[in-house]
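Have a look at the structure below, then the notes.
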Amino acid sequence: MGTVILPPWVWTLIGMIVPMVLILALAPVAMMYLTWLERKVIARIQDRVGPNRVGPYGLLQPLADGIKMLTKEDLVPAGADQLCHFLAPVLIVVPSLFLFTLLPFGPGWAAAPLKTGLLFFVAIGSLGTLAIFMAGWGSRNKFSLLGAARTAAQLIAYEVPLVLGLAVVPMITGTMDLGQIVMAQQGRWFITTPWGLTGFFLLLTAGLAEVNRTPFDLPEAESEIVAGFHTEYSGMKFALFYMAEFLSTLALAGLLSTLFLGGWRGPVLPPPLWLGLKTVALVCVMIWFRGTFPRFRMDQLMGFAWKVMLPLSLANLVGAACWALIPGVWGDGAAVGVVAVTFLVTTQLWLAPKPQLTKKWSSRILDQR
């Protein structure tokens, strides 16, 4: 029998399909135990025990929650747009899963090693907002629609500083290939540079707003609008929204690790394990934020994006240019100075007391009486 020789495009296709299948199989499992980790950490912050009934240390609690979601009744409002209501939870999960195909887990270990991987990551990550707006509009519920409108406003406000915060990395490295960006960090992680440290915090903050994590979870603020855009969802459809949020959080942590923390680089341990450890450490920081910081008001949320983060991201671009063009400590000093001055000025503008509105003539007449 002769040896069957497959054409090169078949091997390329197999090399893409196999990692994608592994990602599709492992990502939901990672999401399940990410919920367990979050509940345990927040419980410790709040002096509680957390899940401890199902399995040792509550490790089987995610499985019990999954079975509960699968067996709950799927309720759809009578006046809902059936197509939008059904498609929204599906469409919000798909982009979250695709994000993992772009991350390099080792040298050449990416399911979709695109030359424009960073740009594609940002584009795919923005699609979840469309699904959220579909959920709010299709539910025919005022609280759902208000949560969807908040999502649109929040995306427009934070997408601009997010993209500008990311722009410093390809500006310095000259590439949008995530694998090449990791290779460029040989010997020095980008977070150890002035522009890298600022870009890291810009991306972390704007990314938390993009995935609707505390303190930026205004689209589903339970104290104001019940549950926001997913008020009218139950059962497995609600679980899909929950899954998308945690998968997006995990993907955001993976992107931060890739761009600023050296990605899969590290001694002794295998490359995927290094990326996993850095990603889990950043997820723990995000969980810590949720258990610590209070939720912003809507005016504070929008003001922080336009008055602080947008000028700071522009200043970071200028600082990165100074760092690249001016050698030595003077370049570091110029980068730090530009960002520091901008941060001090913008935060003062954001925190400055708002002018008091004058009372209407009718209110003044009533006060006189």
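Counting every pair of alpha carbons in the chain, the share spaced more than 34 Å apart comes to 35 percent. Within the chain, the whole DSSP H helices whose Cα atoms reach 30 Å or more along their own axis and whose mean Kyte-Doolittle score is at least 1.0 are 8-45, 142-173, 235-260, 271-292, 329-351. The distance between label points at V341 and L277 comes to 4.1 nm (points 7 Å beyond Cα on the Cα→Cβ vector).
Only helices enter this figure: runs of n ≥ 4 DSSP H residues, each worth -39500 (n - 2.57), summed and divided by the residues of the chain, yield -22500 deg cm²/dmol at 222 nm to the nearest 500.
State the extension gain, in nm to one decimal, for the chain segment bounded by T116 and W288, taking 0.36 nm per residue of separation less the distance between their alpha-carbons.
On the way: separation 172, 0.36 × 172 = 61.92 nm, distance 3.24 nm.
Full-extension gain reported as 58.7 nm.
Available extension along the chain between R140 and L70 is 22.8 nm, counting 0.36 nm per residue and deducting the alpha carbon span.
Full extension of the chain segment joining I5 with R188 gains 61.6 nm, where the gain is 0.36 nm per residue of separation less the Cα-Cα distance. Sorted ascending by nearby beta carbons within 10 Å, beginning with the fewest, C322, C284 become C284, C322.
The simple spin-label model puts a point 7 Å past each Cα toward its Cβ; for I17 and W350 those points are separated by 4.8 nm. The label point for L24 and the one for V90, both projected 7 Å from the Cα toward the Cβ, are 1.4 nm apart.
We did not get these values from a lab; they are worked out from the coordinates using the rules stated. In this text, all values refer to a predicted model and were calculated from it rather than measured experimentally. All Cβ positions, glycine included, derive from the backbone under ideal geometry; neighbour counts span all protein chains shown.
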